[in-house]
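Data first, discussion second: the structure below is written as structure tokens.
The values are calculated or read from the model by the stated rules, or taken from the named source; none is laboratory data. Bear in mind the structure is a predicted one, so any value in this text is a computation, not a measurement. Positions of Cβ are generated from backbone atoms using ideal geometry, with glycine treated the same way; all protein chains shown enter the neighbour counts. Surface accessibility is based on the protein's heavy atoms, side chains included, excluding ligands, DNA and RNA. Shrake-Rupley method; radii C 1.70, N 1.55, O 1.52, S 1.80 Å.
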Amino acid sequence: MPEETGEIPTEQVVSRLREQADRLGFPLFGVAPAVRPPGADRLDAWLASGFAGEMQYLADRRDAYEHPDRLLPAARSVVVLGAPYRTAEPVSPGPGEGRVSRYAWGDGDYHDWARDRLHQLADSLRELAPAANTRCVVDTAPILERDFARLAGLGWIGKNTLLLSKPTGSYYFLAAIITDLALPTDEPFAADHCGTCTACLDACPTDAFPQPYVLDASRCISYLTIELRGPIPNELRPGMGEWLFGCDVCQDVCPWNRKAPESDQSVFRPLEAMNPVELADLFSLDDAGFRRRFRHTPLWRAHREGLLRNAAIVLGNRPSHDALPALVAGLKDPHPLVRGASAWALGRYREAGADEALQARLKIEESADVVAEIQAALRFREAT
């Protein structure tokens, strides 16, 4: 007999939640037991290898990943949800333009979109089972959501470390509701359909996969353009190519994404100015302008100086004559991170104006790090 909630059997609770989740934009739905995630030991090994880069917060809250009951006492079930976000296809960037990852090019932040719907779903669960307690989590909470998604039967963890599903590929957000209500669980997804394919590993521009199923985040373009707060390592800058924010390479080449469904959620459709992005325009944004344009989008996380750093690197990788004035302006930016990246980029320009700007800035620059960038840029110009 199914466990009684005091109102309706838990099997009916799951059935009704599944129907509402689909209406809310979460067609992927599964229930996993609240257990120690299978990847907890792998997380320890990954952290010990230094693959987290500067994301110290992962180690700082390592204990919270040990079990869902760290987030909700007496947790018994994890309702795992997936929201597809594939919409339009990316437009190839032209001169002076950069690319933004598909998940971030819309007019809102998916965290806000997901939280609103998660709370609606959690409210419904408590209406069906008044004694239940819940905790809604998106990817900002310390939970190994891909592990629980596999336990909930949603798919397998691919060689690029993303959750893959035959019908939907990997273009979807994961979210979860933890509850102390014991719900009927789905069968874990046991198969691995990556087979001998290594397309994702081979395509990574920065060689961020030391082996299948392991990501060295410190080399990942998404980490470099979003999480890293300092200068991007010199040896990784060329590999960033056209990526201003995030990276989709390992997903774009995945065979399982060829037929990934399109989302009907308007928030995930790209803004015209984001597909692609005119990079020179970014250098005219002060803090207030950056806030107005990006405050409620994922790009806010990179901060103004991080986004301009990224823009300069892209303009250095793909020099554009029309972008030269923007980089010269970047060389005078209040933030040394922007000045250093702009100096590196100007070193890749053959125009005389680039040399003049670098020489002029070198005479007045006070940051030792930026001085080193300018000197390296001038040496590069001389050598090439």
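Below are the figures for this structure:
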read-out: Diffusion coefficient, µm² s⁻¹, Stokes-Einstein with Kirkwood Rh over alpha-carbon pairs of the chain at 10 °C and 1.306 mPa s; value: 71 µm²/s
read-out: Accessible area in the full protein assembly, largest first, 1.4 Å probe, for ARG146, ARG86, ARG258, ARG269; value: ARG258, ARG269, ARG146, ARG86
read-out: Carbon/sulfur fraction of accessible area - the chain, other protein chains in place, 1.4 Å, %; value: 50 percent
read-out: Rounded accessible area of ASP109 (nearest 10 Å², 1.4 Å probe); value: 30 Å²
read-out: Cross-link reach list, lysines versus LYS166, counting only Cα pairs under 29 Å and skipping chain neighbours closer than eight places; value: LYS259
read-out: Average accessible area per residue (Å²) across the chain - probe 1.4 Å, nucleic acids and ligands excluded; value: 44 Å²
read-out: Mean separation of Cα contacts under 8 Å (6+ apart) over length of region 249-384, as relative contact order %; value: 19 percent
read-out: Karplus-derived HN-Hα couplings along region 43-49 (A = 6.51, B = -1.76, C = 1.60, θ = phi - 60°), whole Hz, x at Gly and Pro; value: 4, 4, 5, 5, 5, 5, 7
read-out: Where labels lie 7 Å past Cα in the beta-carbon direction, separation of LYS332 and ARG23 in nm; value: 5.8 nm
read-out: Efficiency of FRET between GLU66 and ASP192 - r from beta-carbon atoms, R0 35 angstrom, step 0.05; value: 0.90
read-out: Simple Cβ-charge dipole of region 127-259, Lys/Arg +1 and Asp/Glu -1, about Cα centre, in debye nearest 20; value: 160 debye
read-out: Where the Cα pairs of region 73-158 fall when distances are cut into 5 Å bins, in %; value: 3, 10, 17, 19, 18, 13, 8, 6, 3, 2, 1, 0
read-out: Cut-off 13 Å, label 7 Å out along Cα→Cβ of GLU127, residues of region 14-29 by amide N; value: 16-17, 20-21
read-out: Mean projection area, nm², convex hull over Cα of region 177-332; value: 13.4 nm²
read-out: Region 281-377 - convex hull of the alpha-carbon atoms, volume per residue in Å³; value: 85 Å³
read-out: Largest to smallest accessible area among TYR57, TYR65 [probe 1.4 Å]; value: TYR57, TYR65
read-out: Ratio of Rg to Rh over region 85-222 (Cα coordinates, Kirkwood Rh, two decimals); value: 1.01
read-out: For the chain, cysteines whose Cβ has no other cysteine Cβ within reach (under 4.7 Å); value: CYS136, CYS194, CYS197, CYS204, CYS220, CYS247, CYS254
read-out: Among PRO261, VAL314, ALA288 - extreme Cα towards positive end, dipole of region 199-324, charges at beta-carbon; value: ALA288
read-out: The chain, relative contact order in percent, only Cα pairs under 8 angstrom and at least six apart counted; value: 20 percent
read-out: Length gained when the stretch GLN211-LEU47 is fully extended (0.36 nm per residue, less Cα-Cα span); value: 57.5 nm
read-out: Sites ASP139 and ASP264, calculated FRET efficiency, Cβ-Cβ separation with R0 22 Å, nearest 0.05; value: 0.50
read-out: Region 321-384 shape via C-alpha gyration tensor axes, a/c threshold 1.5; value: oblate
read-out: Spin-label pair TRP300/ALA273, simplified geometry with 7 Å Cα→Cβ offset, distance in nm; value: 1.6 nm
read-out: Prolate/oblate/rounded label for region 1-120 (Cα gyration tensor, a/c 1.5); value: oblate
read-out: Under 14 Å, Cβ to Cβ, from ASN160 - net charge with Lys/Arg +1 and Asp/Glu -1; value: -3
read-out: Extended-chain gain in nm, criterion 0.36 nm per residue less alpha-carbon gap, ARG229 and LYS166; value: 19.1 nm
